[in-house]
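Enquirer: Would you mind keeping the following structure in view while I ask a few things?
Every read-out reported here was derived from the displayed coordinates using simple, explicitly stated rules and does not represent laboratory data. Being a predicted model, the structure only gives us computed values, none of them experimental. Note that we place each Cβ from the backbone using ideal geometry, even for glycine, and neighbour counts take in every protein chain shown.
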Amino acid sequence: MATVLDTVDRAVAELRRGSAVVVLSGTGSVLARPAETINSGPLPFFARPGIGKVSVAVTGRRAAILGLASPAAPAVILQKNDGFSPQTILELIDPKAGDQGPIPPEGVTSQIKGRESAEHTAIRLTKIARLLPAVVVAPITADDAAAWAIANNRAIVSSTAVQAYDRLQADTLVPVSEARVPLAGCENTKIIAFRPRDGGAEHLAIIIGETDASIPVLTRLHSECFTGDLLGSLKCDCGDQLRGAISAIAEGGSGVLLYLAQEGRGIGLVNKLRAYELQEKGFDTIDANEQLGFDDDERIYLPAVQMLASLGINKVKLLTNNPAKVGALARHGIAVTERVAHVFPSNQHNWSYLDTKSKRSGHLF
């Protein structure tokens, strides 16, 4: 019998290849497909019997950019009497798809949907899939939505499964490999790889020296950054923070760096690059994320809590400038006895990024 993780993972895989899935909820059921995969021609399956009128579901953030709803709305349904062309759909969901700006086409109306809705669940699935957070949806009008999905060979996922997904992925994280990896300046280092039961993204614990969990452990939560960590990008301070944290922990004698698979503040590398393109047009890092329909920070810290628990650590001195990380750990039972500042000089490419983090995200520098 399929588990919650299995059903969500299958739905995510279907969405990533541009297919449509059936989302069941207590308020109604929909057929949903990622809006960014709509590029030409008719929509397969959306014209079959048992399917209602097609609409586009976006986040409140994206709807607010279009002037159609509050950014606080969980999900917003966009409708048009004469339907949407593929180009119109892309212009609704992607600020780079057209030249006319964020003004929606004439005749587009909006309807807010709650967090329990199938439409909000479908948007959440696109976020898990690291796609743009928008879906083409149509209500299932057949008497039995699950039976319709089976008859039409569509994957089925429920709102309750998607709501439980993040917690279950974190709760099933277990260490799967461990090795000594001597680093420059801290040769007594080992890396432990953690993987969830569904075989999803792995997170790493970099343990420097011999930690003593009976006292607060110097700890850094570091979100992976391909451009900064690996390529040395000057657009952010991530590479400096990674190498600086390793050096600081080594100088302190021991500690842990958790390297978390949540690129781009949780939106994924492709979407981060989309946001970078918008930044070139004058948007700051937060506004760029919101133009795409994301919150300014989509990260989830449940995996970090589970990893620390697995390592027997429940008290930390946290290397961070972000009070939200302190609060996230504290809410889940990890005592943060001290926030240790983690500041590095800016450059001409990232000073605006750092200024935005300070003024708009509350980072402490």
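Enquirer: Rank the residues Lys281, Lys127 as a footprinting-exposure proxy: fewest other Cβ atoms within 10 Å of their Cβ go first.
Expert: Ascending number of Cβ neighbours within 10 Å: Lys281, Lys127.
Enquirer: Using the Kirkwood formula on the Cα atoms of segment 190-298, what hydrodynamic radius do you get, in angstrom to one decimal?
Expert: Values: mean 1/r = 0.0652 Å⁻¹.
With all distinct Cα pairs of segment 190-298 included, I get 15.3 Å.
Enquirer: May I pose another question? Between the alpha-carbon centers of segment 266-281 and segment 21-86, tell me the distance in whole angstrom.
Expert: Computed from Cα coordinates, the inter-centre distance equals 23 Å.
Enquirer: Stokes-Einstein at 4 °C, 1.567 mPa s, Kirkwood radius from Cα pairs: D for the chain in µm² s⁻¹? Each step should come with its number before you reach the end.
Expert: Values: Rh = 21.9 Å.
For these conditions, the coefficient is 59 µm²/s.
Enquirer: Then there's this: Distances longer than 21 Å among the Cα atoms of segment 4-167: what percent of all pairs is that?
Expert: Values: 5349 of 13366 pairs.
It works out to 40 percent of all Cα pairs.
Enquirer: Each residue of segment 144-157 in turn: what ³J(HN,Hα) in whole Hz from Karplus with 6.51, -1.76, 1.60 and θ = phi - 60°, glycine and Pro shown as x?
Expert: Ordered by residue, 3J(HN,Hα) equals 10, 5, 5, 5, 4, 4, 5, 5, 9, 6, 10, 5, 10, 9 Hz.
Enquirer: Can you give the angle from 0 to 90° between the axis of helix 4-16 and the longest principal axis of the chain, with both taken from C-alpha atoms, to the nearest 10?
Expert: It works out to around 70 degrees.
Enquirer: Same structure, new question: Using a basic spin-label model with each label point 7 Å from the Cα along Cα→Cβ, how many nm lie between His349 and Ser361?
Expert: Taking the simple label geometry, His349 and Ser361 are separated by 1.8 nm.
Enquirer: Do the sum for the chain: with -39,500 (n - 2.57) for every DSSP H run of n ≥ 4, divided by all residues, what is the mean residue ellipticity at 222 nm, to the nearest 500 deg cm²/dmol?
Expert: On the way: 13 runs with 124 residues, N = 365.
Here the helix-only value at 222 nm equals -10000 deg cm²/dmol.
Enquirer: Rounding to the nearest 10 and keeping the result within 0 to 90°, find how far the Cα-based axis of helix 238-252 lies from the longest principal axis of the chain.
Expert: Result, in degrees: 30.
Enquirer: Here is a further query. Please list, in order, the residues from segment 2-30 whose amide nitrogen is less than 18 Å from a point placed 7 Å along the Cα→Cβ vector of Ser310.
Expert: Counting backbone N atoms under 18 Å from the label point, the list is 5-6.
Enquirer: Another one. With everything on Cα atoms, drop me the angle between helix 159-171 and the longest principal axis of the chain, reported from 0 to 90° to the nearest 10.
Expert: Tilt of helix 159-171: around 10 degrees.
Enquirer: Next question. Report the FRET efficiency, 1/(1 + (r/R0)^6), for Ala201 and Leu273, where r is their Cβ-Cβ distance and R0 is 30 Å, rounded to 0.05.
Expert: On the way: r = 18 Å, r/R0 = 0.61.
E(calc), rounded to 0.05, equals 0.95.
Enquirer: Using alpha-carbon pairs under 8 Å, 6+ residues apart, how would you state the relative contact order of the chain in percent?
Expert: Numbers: 738 pairs, mean separation 59.7, N = 365.
Normalised by residue count, the contact order of the chain is 16 percent.
Enquirer: Follow-up. With the dipole of segment 4-167 worked out from charges on the C-beta (+1 for Lys and Arg, -1 for Asp and Glu) around the Cα centre, which of Leu132, Asn153, Val22 lies farthest toward the positive end?
Expert: The residue sitting farthest along the positive end of the dipole is Leu132.
Enquirer: Sticking with this one: Quick check on segment 73-173: what does the Kirkwood estimate of hydrodynamic radius come out to from the alpha carbon pairs, in Å? It would help to have the intermediate numbers written out before the result.
Expert: Details: mean 1/r = 0.0637 Å⁻¹.
Hydrodynamic radius (Kirkwood, Cα pairs) of segment 73-173 is 15.7 Å.
Enquirer: Show the residues, 5+ positions off or on another chain, whose built amide H is closer than 5 Å to the amide H of His363.
Expert: Under 5 Å from the amide H of His363 lie the amide H atoms of Ser358, each far enough along the sequence or on another chain.
Enquirer: While we're looking at this one, here's another question. Please report the spacing between the Cα centers of segment 163-215 and segment 294-365 in Å, no decimals.
Expert: That distance is 18 Å.
Enquirer: For the residues Ile267, Ile206, what sequence is obtained by ranking on other C-beta atoms within 10 Å, fewest first?
Expert: Neighbour counts put them in this order, fewest first: Ile206, Ile267.
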